[in-house]
Amino acid sequence: MFYCAFKAVVLVPLLRWLFRPRVEGLGRVPQHGAAIVAGNHQSFTDQFLMGVTLRRRISFLAKQEYFTGRGIKGRLAAAFFRGLGAIPVDRSGRGAGQAAVEEGVKVLGRGELLGIFPEGTRSHDGRLYKGKVGVAEMAIRSGAPVVPCAMIGTFEAQPAGRRLPRLVPVTVRFGEPLDFSRYAGMADQRHVLRAVTDEIMYAILKLSEQEYVDVYAVDARARLSALGSGPAGAEVLGSTRFAPGPDRAAPGEDRTAA
């Protein structure tokens, strides 16, 4: 009840007034049953804009720190994120990625809608980065379809580090649902998880028309910090043509999906 009231009274009017988002392909999101909406992550506002464009309630996995702040500010922040349908996940420690997967599977098991950003963190330069395999494990274990989603213009509106958004055109574009039922019972196979994740990221790439970088966003950020954020650092990362498939599997895949 609080989610519906908060969304209708606060979020929808505010975000539509600020961004006036254009929504494409909304009818491709299932109106009933479990489904994953997987999007590119360019801005802090992405989950809010995705949420206000959908007719159904959608839950997101959020880091636990958003819910544990002290004082009035901390309590308000916790209430705000709960009002968005955010689910706290402890992302510290070695089992953090698997904990996120388990929480996501619970949401899908209840027949609900789950929002995920497979890159795991916001893009620092507006390009699309390699997806983490947690989204694939959730999809295979739950049997839920995955709806690719492209957030277009949100990087220009509010890139990482910018406190207040610019008023620029924003589009939220949904693609055709992806069915991975053919991989039922194979959620423990690394090469399958990588192949499914790559298929999801390729669908997002086609919708967003971003450049693709075959590196995890967190690792790219770390490299840029070491090399410097100028042209030399960006040149080392480069970009690549996307070639999804099981041959892209790598040991020690990170499952953290949001």
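Throughout, read-outs are computed from the coordinates displayed, never taken from laboratory work. Just so you know, these numbers come straight off a predicted model, no measurement behind them. For neighbour counting, all protein chains shown are included, and Cβ atoms are generated from backbone atoms with ideal geometry for every residue, glycine included.
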(request) Using only the alpha carbons, work out the radius of gyration and Dmax of region 99-207 in angstrom. (result) 15.0, 46
(request) Give me the compactness ratio for region 51-157, meaning the Cα radius of gyration over 2.2 N^0.38 Å. (result) 1.12
(request) Sort 26-32, 141-147, 157-163, 174-180 for me by packing, meaning the mean count of neighbouring Cβ atoms within 10 Å per residue, highest on top. (result) 141-147, 174-180, 157-163, 26-32
(request) Beyond 20 Å between alpha-carbons counts as too far, so tell me which of K63/K106; K73/K106; K130/K206; K63/K132 fall in that bin. (result) K73/K106
(message) Suppose a student asked you for the relative contact order of region 103-215, using Cα pairs under 8 Å spaced at least 6 residues apart; what percent would you report?
(response) 33 percent
(request) Just add up the charged neighbours of G109: K/R +1, D/E -1, any other residue whose Cβ is under 13 Å from the Cβ of G109. (result) 0
